[in-house]
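Report on one structure; see the data block that follows.
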Amino acid sequence: MFRFLPVLLVTCLGLMACTSAPPQVPKRMSLVQPSSASAPLAQMTRRWQGRSDGMSGVQIVGDGIDALALRIALSDLAQTSIDAQYYLLHNDVSGGLFADALLRAADRGVRVRLLLDDMDTRGYDAATRALETHPNIEIRLYNPFLRSRSKALSALLEFGRINRRMHNKSMSFDGRITIVGGRNIGDEYFSAREDSNYDDLDLLAAGPVVREVGKSFDGYWNSPYAVPALALITTHEDDLDLATTRARLAQHAEQSRNTPYGAALAARIAQTKRAPRPLEPARATLIADPPEKAAGDLPPEATLSGAMLPHIAALEHQFLVVSAYFVPRDSGVALLHGLEERGVEVTVLTNSLDATDVPAVYAHYTRSRPDLLDAGVDLWELRAEKERPDRTLSGLGLSRSALHAKAFVLDEQKLFIGSFNWDPRSVRINSEMGILVESPRLATQAARNFKAMLPEAAFHLRRDDRGGLDWLEHDEGNRWRLYRSAPVLSRTRALTVPILAVLPIGGQL
């Protein structure tokens, strides 16, 4: 709670600050560079190139180790270009392996464009500057904080701008194959931590949709909000040089290989390089916010949420929602209520209080919970147990710890995977992206596995006969255990929920 109060204070004061523009500096415009038809990744994906039916090839990536192995293996196979766009890049095992893969690719002559939101990069300025000196690497920071003042002061003085973050997550290789989804770059997203990890989802795709992802990346890369890192980062006497950075990353990679996780990762990388991934043919469409969302509110039809609304409104039978942060507010409750009235079965999975990493989000979700249940929504909250059945939902993964995935399954006909949470921040404030896949086979498989796994991994909520809520837990004896109040491991967290729920911050979550 005490860690949350300074952020709240800055937010409330910042609401009075005006919108500003990021610093403008000269920069070179650049576009996607596809590889030649003879390059390894072009050969690996040749089935999906130039198809007359417009079909792409897709695969759901639910396993964390597999997700990191794909990124490293495809980086190793790239010959022309790597374009990576992320909200967070952590200084940990997987972050170091990711950076090492990019640097090794650049050393082979591959052009690397790395676009990072500036929310969490300040501690990496020295390494960023060193990598930027490589002739084949360019790093840009999106909607950056000024290095001349603290983040808190920047948030206070420029709240209108600083509040809008680039939450997009994509990585494309040679203009031939791409990974889009919910994962940032950090150990908890790739099952590399011993204490807790996120359940998350990516989509691997080849074919026409890769061009759409590349066009979106170019739009962000060349926008006024993407500022070259070297224009922001000041030089210090203790700065790293490129040779030192290369040596440290190589040492880090070698040390990582000598661990059980590193051995498992190396095996997956080798397997990916040996054989092409089996991709499912599907009509795949990128749905993404434009970079102009950073400048202010856009008309609904110009946003990701506006583009998805017709698909949701057209539902006839079933709507499955996986959202790590779920704050539907009145408009979302009304939408789901309307679906239920039309006979559409709505099921929502989000984090329980113990599982969430943002208690304020959970607190404001609880305000909508009674109305959702009264509307007929089937509501589930992921348990935070450290050990649950280590299984995946054909990509809609539930294995351990907290939920970070964002996905929709629509009428068992379409599947959406991306960075979009069902909350005000994704709808109005941050930029988001995802891929809508039209594949009855994939959607049906995901829906069935998803519903089968829910009792093993989540609490089922229902109204009780007193007007309150019950939580039902399916135990190992195939019985349902009833809780009359929210089962929590942390009583301190539970005490903060009523306080957070009444704070006027719902529109910022």
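Just so you know, all these numbers are worked out from the coordinates, no wet-lab data involved. Since the model is a prediction, treat every value here as computed from it, not as a measurement. Here the Cβ positions follow ideal geometry from the backbone for every residue, glycine too, while neighbour counts run over all protein chains shown.
Quick rundown of the values:
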read-out	value
Trypsin sites (Lys or Arg not before Pro) lying in DSSP loop within segment 301-371, provided at most 15 other Cβ fall within 10 Å	Arg342
Globularity ratio of segment 410-509, using Cα Rg and 2.2 N^0.38 Å	1.42
Rg over Rh [alpha-carbon atoms, Kirkwood Rh] for segment 70-125	0.96
Residue-averaged [θ]222 nm for the chain, counting only DSSP H segments that reach four residues, each worth -39500 (n - 2.57)	-11000 deg cm²/dmol
Cα-based convex hull, segment 26-136, per residue volume (Å³, whole number)	143
Kyte-Doolittle at least -1.0, axis length at least 30 Å by Cα - qualifying DSSP helices, the chain	none
Förster-model FRET efficiency, 25 Å R0, Ala264 and Glu456, C-beta, rounded to 0.05	0.60
Over the chain, relative contact order from alpha-carbon pairs under 8 Å, at least 6 apart, %	18
Two-site FRET efficiency, Glu194 against Arg28, from Cβ-Cβ distance with R₀ of 45 Å, rounded to 0.05	0.55
Positive-end residue of Val210, Ile60, Ala126, charge dipole of segment 50-274 with Cβ unit charges	Val210
Convex hull per residue volume in Å³, alpha carbons only, for the chain	150
Quarter of the Cα convex hull surface for segment 297-508, i.e. its orientation-mean projected area (nm²)	11.7
